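The structure appears right after this line, and notes come after that.
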Protein chains: 2
Amino acid sequence: MPGDMKSAPIGVFDSGLGGLTVAREIMRNLPRERIVYFGDTARVPYGNKSKPTIVRYSRQIVRFLMQQEIKAIVIACNTATALAIDEVKEEAGIPVIGVVEPGAVTAAAVTKNKQVGVIATRATTSTNAYARAIHAIDPSINVISEACPLLVPLAEEGWLHDRITDEIIMRYLDDLLEHDIDTLILGCTHYPLFRSEIRKLIGDKITLVNPAYETAKGLERMLAACNLENEAPLNPDEPYPYRFFVSDEAERFTEFASSILPVDVKKARIIPIEEY
Amino acid sequence: MPGDMKSAPIGVFDSGLGGLTVAREIMRNLPRERIVYFGDTARVPYGNKSKPTIVRYSRQIVRFLMQQEIKAIVIACNTATALAIDEVKEEAGIPVIGVVEPGAVTAAAVTKNKQVGVIATRATTSTNAYARAIHAIDPSINVISEACPLLVPLAEEGWLHDRITDEIIMRYLDDLLEHDIDTLILGCTHYPLFRSEIRKLIGDKITLVNPAYETAKGLERMLAACNLENEAPLNPDEPYPYRFFVSDEAERFTEFASSILPVDVKKARIIPIEEY
């Protein structure tokens, strides 16, 4: 592997803004790595679309990212991971990691009573991706999934700490709590924004698994295994170690990105992704 | 105008399912008219996308609809009406009606105290389309808008009659009620599904304006003015007076369509709309 391949950026993509929680964990945990992020804001959300459509959209994004000379791909979107990871691997031909497996591995490792809950969008729960990934590790674990379609709109409405939000979360969690889960996977990239609220509501006996964090750690292991870790620290004067591309609404993107990332995002370039 | 032009169908389009409430009112109020409906389910929703993107998507849909030999177009989507009606007219070259103006005309006619409320998606309120349309009729009317981004997800979650939904609606309406509105426009095609709930919460002193119904009546006037009304009643044995096309998820579409339309929708064909 040539030396300059190690210094190449990681390609990270999502249907829109949610994947920024994954980019944030990569910045925190892999501070030597460059990132090229693509958010498909012209076609967001993916959660209510079919597999052929998600595969087509993902392939277009991979073709764009490959032109940026990336060394690995992170699918920072539960739906695209669940429906298109095999096709992304085939299209890319470089190492690819999605958000589902790392969270599943951690949940399987930490559960003691083998009752694991998953909250996610309807698209993710209907693919059963987390249950399949956990059962591949330990088929005796009971995985209980709950679709929480209102949580993304509540996050985007900014009602993060709100009595109504608490009530909605509790209604969604009721069934999971009756199953006496000891581990709960936040299976949608927006849900880490509710982490402190969920923690408050369910107490401290249940382990919360954040796939964004687990994916960053999984990426670290993958880069090490492939001998692709960047060896030199980023130069603080490097103008664009993190570059951002979207398919629409660049301004709203940079605002949201600046509010949740540890860096100030000054610009995002709009890409005509349908043409890729 | 040749006779067979009068029997041609009306083209109706929306970003997805919401426009079916408009198609429903056309079926009820203009029972002689044929309909070709297109729902852009691969790129839904439009509410969070930019004007250039909505214009591009709308032009593609118009090009597809024109191939179906339609005689007029109904833009059954508040966002596409607000952002792209001029471009749709230019692209189509046949009579076009959107959902904003008919509701605005009725609201301006029925308000007595000149305080009109509008609830809609954030995209629609941010364009100020209803206020502009009402002020074009009577600049002295005070238009107070409130974005209600949670109502579409609540409708799609099926929480139509629910204590939490009531609380959320009341939070959204609070400010409008303080302005002592006597007229309220349901400025999103999904909101008629909450009509009885809203009526229960606000009492019977406020007139509710349903743009879906007003658009059907506006279409009737437009067809009459253009001498385009179909003269013959539809033959009950005609196999497909209503045809449905989508860009994704045809099965979910036919289920929802059958549940709200007065006819059974057996199939919807998937169109590769990006290629138009």
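Structure values in brief
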quantity	calculated
For the protein assembly as shown: rounded, prolate or oblate by the Cα gyration tensor [a/c cutoff 1.5]	prolate
At 7 Å out from Cα toward Cβ: residue A:135 inter-copy label distances (nm, ascending)	5.9
Unit charges on C-beta of K, R, D, E only; dipole of the protein assembly as shown, Debye	420
Average beta carbon contacts from partner chains per residue of A:35-43, 10 Å cutoff	2
Theoretical ellipticity at 222 nm over chain B - DSSP helices of four or more residues, -39500 (n - 2.57) apiece, nearest 500	-14000 deg cm²/dmol
Cα-centred dipole magnitude for chain A, charges only on beta-carbon of K, R (+1) and D, E (-1), debye, nearest 20	300
Per-copy distances of the residue B:114 label point, shortest first, in nm (7 angstrom along Cα→Cβ)	7.4
Translational diffusion coefficient (Stokes-Einstein; Kirkwood radius from C-alpha pairs) of the stretch B:1-88 at 4 °C, 1.567 mPa s, in µm²/s	98
Equivalent ellipsoid dimensions for the stretch B:94-180 as semi-axes, Å, which come from the Cα gyration tensor, largest first	25, 17, 11
Nonlocal amide H pairs with residue A:41, under 5 Å, H built at 1.01 Å	A:247, A:248
Set of lysines with alpha-carbon distance to residue A:51 below 24 Å, sequence-local pairs under 8 removed	A:89, B:49, B:266, B:267
Reach of residue B:205 by Cα under 20 Å, taken over lysines that are not fewer than 8 positions away in the same chain	B:112, B:114
Residue-wise HN-Hα coupling along the stretch B:176-184, computed from phi with Karplus coefficients 6.51, -1.76, 1.60 (Hz; x: Gly, Pro)	4, 5, 4, 7, 6, 5, 10, 9, 10
Note, ³J(HN,Hα) from phi for the stretch B:82-99, Karplus 6.51, -1.76, 1.60, rounded to Hz, x at Gly and Pro	5, 9, 9, 5, 5, 5, 5, 4, 4, 5, 7, x, 10, x, 10, 10, x, 8
Gyration tensor (alpha-carbon) shape descriptor, chain A, a/c threshold 1.5	prolate
Point-charge dipole on Cβ atoms (K/R +1, D/E -1) for the stretch A:1-138, about Cα centre, debye to 20	260
Shielding score for A:54-63, defined as the mean number of other chain Cβ atoms within 10 Å	1
Cα gyration tensor, the stretch B:30-170 - rounded (a/c under 1.5), prolate or oblate	oblate
Karplus-derived 3J(HN,Hα), 6.51/-1.76/1.60, for each residue of the stretch A:105-122, Hz, glycine and proline x	4, 5, 4, 5, 6, 8, 5, 9, 8, 6, 10, 10, x, 10, 10, 6, 6, 4
Distant-in-sequence amide H partners of residue A:209 (H built 1.01 Å from N, under 5 Å)	A:184, A:185, A:186
Across the identical copies, how the residue B:86 labels are spaced - nm, sorted shortest first, 7 Å along Cα→Cβ	5.0
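No lab work stands behind these numbers, since they all come straight from the coordinates. The model shown is predicted, which means the values in this text are computed figures rather than measured ones. Don't worry about glycine lacking a Cβ; one is built from the backbone with ideal geometry, like all the others, and counts go over all protein chains shown.
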